[in-house]
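Let me begin by presenting the structure, written as structure tokens, before commenting on it.
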Amino acid sequence: LNLYQEYNIRNIILAIKIAEIYNIRYENIIRAINDFRPVDGRFKVLKNVNRDITLIDDIYSSCFESVKMGLESANKIKSKRKIAVLGTIGAGSTLEETSKIHEELGNYFNNLDFDYIYLIGDFTKHIYKGALGVLEEKYIRKFKTIELLLEDLEKNIRDGDLIYFKESGFQNFDKIIEKLKNKFDIIQ
């Protein structure tokens, strides 16, 4: 499959069952599954094969559970180093609840093998606080602007890196991904 997230297997099984109900030939079902490609922002894996650099565009939308699932899926992909680039996520209904959820997300890195965390957005200071118990401070970087984040990230990317992007869809991470695709000759 051209998918990395395990929950998609349930979706594929359901699609197969529906196709069976409509008497769609198995060859057509198999071809459709093999031809499927994720759309932009939905765990779309982009690669530069020559330098073994992988970008994961998962920026369409985010909530606590989708960030965890995305990080877990990215964590399973083989790479020399892993970098998470996170923005503010869709969270709780109160400031206190939203802050707590972001801090829990920082703590969640204890379950993962990420080498760097790049953060931008109002509530990511809470991710930073939660992640301090997991990574040394020098590996958690917080930025005020997209431009500063991109500048630092471009200097830090090495051959063999995987860079995972997740935010709520309003912080313009698509611009970061587009610039990195151009700079590092990333293909789809």
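A single entry from Asp113, Asp159 fulfils the requirement of being open to solvent by 80 Å² or more (accessible area, probe 1.4 Å), in a loop (DSSP other than H, G, I, E, B), out of contact with any Ser or Thr (no Cβ under 8 Å at 6 or more places or on another chain) and modelled with pLDDT of 95 or more: Asp113.
Among the residues of segment 101-142, the ones that are closer than 20 Å to Phe170 by Cβ, more than 18 Å from the chain's Cα centre (by Cα) and not acidic (Asp, Glu) come to 2 in all. Could you go through segment 121-141 and let me know if any residue there is closer than 30 Å to Asn50 by Cα, in a helix (DSSP H, G or I) and in contact (Cβ under 8 Å) with a residue 24 or more places away in the chain. Among the residues of segment 121-141, at least one is closer than 30 Å to Asn50 by Cα, in a helix (DSSP H, G or I) and in contact (Cβ under 8 Å) with a residue 24 or more places away in the chain, which makes the answer yes.
Taking segment 35-63 as the range and being loosely packed, with under 11 Cβ neighbours inside 10 Å and either in contact with a Leu (Cβ under 8 Å, 6 or more places away or on another chain) or among the charged types (D, E, K, R) (or both) as the test, the residues that pass are Asp35, Arg37. Quick one: is Ile30 in contact with a helix residue (DSSP H, G or I) (Cβ under 6 Å, 6 or more places away or on another chain) and either modelled with pLDDT of 90 or more or charged (D, E, K, R) (or both)? No, not satisfied. Scan segment 142-156 for residues that are closer than 14 Å to Thr88 by Cβ and either part of a helix (DSSP H, G or I) or aromatic (Phe, Trp, Tyr) (or both) and jot them down. Residues satisfying the conditions are Phe143, Ile146, Leu149. In the set (1) assigned to a helix (DSSP H, G or I); (2) at pLDDT 95 or above; (3) acidic (Asp, Glu), Glu96 fails one condition alone, (2).
Scan segment 155-170 for residues that are within 17 Å of the chain's Cα centre (by Cα) and either among the hydrophobic types (A, V, I, L, M, F, W, C) or within 13 Å of Tyr118 (Cα to Cα) (or both) and report the count. If you could, list the steps in order and put the result at the bottom.
First, the residues of segment 155-170 that are within 17 Å of the chain's Cα centre (by Cα): 157, 160-170.
From what is left, the residues that are either among the hydrophobic types (A, V, I, L, M, F, W, C) or within 13 Å of Tyr118 (Cα to Cα) (or both) are 157, 162-167, 170.
Here the count works out to 8.
Being touching a residue at least 60 places away in the same chain (Cβ under 8 Å) and part of a loop (DSSP other than H, G, I, E, B) is the filter; apply it to segment 64-83 and report the residue that is most open to solvent (accessible area, probe 1.4 Å). Selected residue: Lys80.
The values are calculated or read from the model by the stated rules, or taken from the named source; none is laboratory data. Just so it is clear, the model here is predicted, and its values are computed rather than measured. Please note: Cβ atoms are built from the backbone with ideal geometry, for glycine as well, and neighbour counts cover all protein chains shown. Heavy atoms of the whole protein, side chains included, go into the accessibility calculation; ligands, DNA and RNA do not. Shrake-Rupley method; radii C 1.70, N 1.55, O 1.52, S 1.80 Å.
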